[in-house]
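The values are calculated or read from the model by the stated rules, or taken from the named source; none is laboratory data. Keep in mind that this is a model prediction, so the values were computed, not measured. Methodologically, a virtual Cβ is constructed for each residue, glycine included, from the backbone with ideal geometry; neighbour enumeration extends over all protein chains shown. For the accessible areas, the whole protein counts, side chains as well, though only heavy atoms, and no ligand, DNA or RNA atoms are used. Shrake-Rupley method; radii C 1.70, N 1.55, O 1.52, S 1.80 Å.
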Amino acid sequence: DGPLLGVVMVFRDVTEEYRTREALRESEEQFRSLAESSDDYIMRYDPECRHTYMNPAGLRVSGLSEADILGKTHRESGFPEDLCEFWEEKIRSVFETGRPVHSPFEWESVDGTVYLDWRLTPELDAEGEVKSVLGVSRDMTEQRRAEAEMHRLAEQNRQFQRLESIGRLAAGVAHDLNNLLSPVLGYADLLLEDLAPESLSHEHAREIHQAALSSRDLVRQLLAFGRKQLLNVRVIDLREVVGDLRSLLRSTIRENIAIETFFAEGPCRVSADAGQIGQVLINLSVNARDAMPDGGALSMEVFPVHLDQAYCREHIGAEPGDYVMLAVSDTGCGMDAEVREHIFEPFFTTKEELGTGLGLASVYGIVKQHGGNIWVYSEPGEGTVFKVYLPRVEEDPQTASHDPDAFTRTGGAETILVVEDNDMVRNLACRILKRGGYTVLTAADGGDALRRMEDHPDPIHLLLTDVVMPDMDGKELSRRALERYPGLKVIFMSGYTENVIAHHGVLDTEIRFLQKPFSVDSLTGKVRRTLDDR
């Protein structure tokens, strides 16, 4: 209590401490400002794995409030047990090692399934110890979906390109097979005419003939897949085609399968070959029948639709526009992804010894040759839907044209020049026409044909020429021949259509065409009709 002798003043420089606190405060404010405006989910954890901070984006996706989560662990906030173990293991790892952790995971949030890219970073105190862990989760859901969509489209494009390549191969094989089948079918026809019906040789010839016809049908399915067949195109209403075929389908579909049809009220017109579209419907219906061994329902729908840009972006090969949709669906066993991937490939079948694997392949080719698209939707045990889209037209329906090959066979006395680079096919055509009374000249190529015309003193009434030949194709030969002989009649023949005489398999109305392999009746009928056509 003595007298005050003086005052001792102690000063400590806290400038750095103040600056540090201010820097920390400013840093925390900047952190909060960035965190609260971020779309990423940002949170902090203490050593007990409790939340000390969560930004608004994190609170929104979790469906919780600050009171629900701050100061609490994941378990205390009600998150699923398996995720709590996963998260806390990662957080403790950062506290123990001081090293960042990157761990993507999947979470069922209030917005549905989200895919998160989760990064945990240690926050150090002044002594370099981990004082807290900062977690940042970035929502990768849209990116994952975009990547999955890109993968799906790439796979769809790969399948599309594979079918295109197989189609070109199939068409080439079919062309060569048709040249081989022509003499087999033709000479079998001639043998059946020459042999006594009751003889064993006649029976043998008939079996050869039947085998050749079956082979021809298989080749035509290959041509359909390769889009190299001829189309008899006219404007038809798809509802009428389906309606006309319903009774036929009823006779081939078992009675324990119900057949239902659903049609739009207005016109559903397309420019198409009615016979080929009927084949599409039959093949799809038979495929549906085989998928329902214990019965079920077969539905056929015809409706006009518009395909927009969004649809076409998701379906490789589709073009925007107005279409008529033919949908054929069943309640059968369905297909898995692996089967769906190969369903339109030739010779791919799930029917073992019962199927050739050409039915759906020919369906694909027919639809594509008509400028349309076909898609299949199916899951195991859930049935199957095939949707065919054909370009819609507004013209009135046209009546069917007469089949020129349906004429009865007759002969004649005219002179015919046969041009064919395949010896067997040329010799067969020559023999058939000579039997009909015609005078026949032959040539192996275009140049040889023009020389035969120059050297022959009498008129030539008909040129029967192959389409694809070395040096000069059939179209060029016919052009040069018609320059010299304007009244000359021309028939083109080929194992498959080429663009030199057809555009996408559709002939001009003035062009006469004979499909290989040809029978005696089809050749003589085509020749006689062409010669008589004025």
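Okay, here's what the table says:
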{"read-out": "Sequence-distant residues sharing a close amide H with ASP273 (under 5 Å, placed H)", "value": "ARG234"}
{"read-out": "Distance between modelled label sites at ALA413 and THR97, nm, 7 Å Cα→Cβ extension", "value": "10.3"}
{"read-out": "Contour excess over end-to-end distance, with Cα ends at ASP532 and LEU34 and 0.36 nm allotted per residue", "value": "170.3 nm"}
{"read-out": "Those residues of region 321-353 whose amide nitrogen sits under 20 Å from the label point placed on ARG254, 7 Å along Cα→Cβ", "value": "329-335, 350-353"}
{"read-out": "Efficiency of FRET from Cβ geometry, GLU142 and THR121, R₀ 25 Å, rounded to 0.05", "value": "0.55"}
{"read-out": "Relative contact order, percent, region 437-481 [alpha-carbon distance under 8 Å, six or more residues apart]", "value": "39"}
{"read-out": "Chain lengthening between HIS456 and LEU200 when straightened (0.36 nm per residue, less Cα-Cα)", "value": "87.8 nm"}
{"read-out": "Segments 516-526, 199-209, 485-495 sorted - mean Cβ within 10 Å per residue, highest first", "value": "516-526, 485-495, 199-209"}
{"read-out": "Förster radius 45 Å - calculated FRET efficiency between ALA444 and ARG246, Cβ distance, rounded to 0.05", "value": "0.35"}
{"read-out": "Region 37-101, accessible area per residue, ligands and nucleic acids excluded (1.4 Å, Å²)", "value": "51"}
{"read-out": "Peptide ranges 300-307, 61-68 listed from the most packed, as the mean C-beta count within 10 angstrom indicates", "value": "300-307, 61-68"}
{"read-out": "Relative compactness, region 281-402, computed as alpha-carbon Rg over 2.2 N^0.38 Å", "value": "1.12"}
{"read-out": "Segment ARG313-LYS131, length gained on full extension (0.36 nm per residue, minus Cα span)", "value": "60.4 nm"}
{"read-out": "Order by protection proxy (mean Cβ within 10 Å, highest first), peptides 78-85, 187-194", "value": "187-194, 78-85"}
{"read-out": "FRET E, pair HIS306, GLU395, Förster distance 22 Å, beta-carbon r, rounded to 0.05", "value": "0.75"}
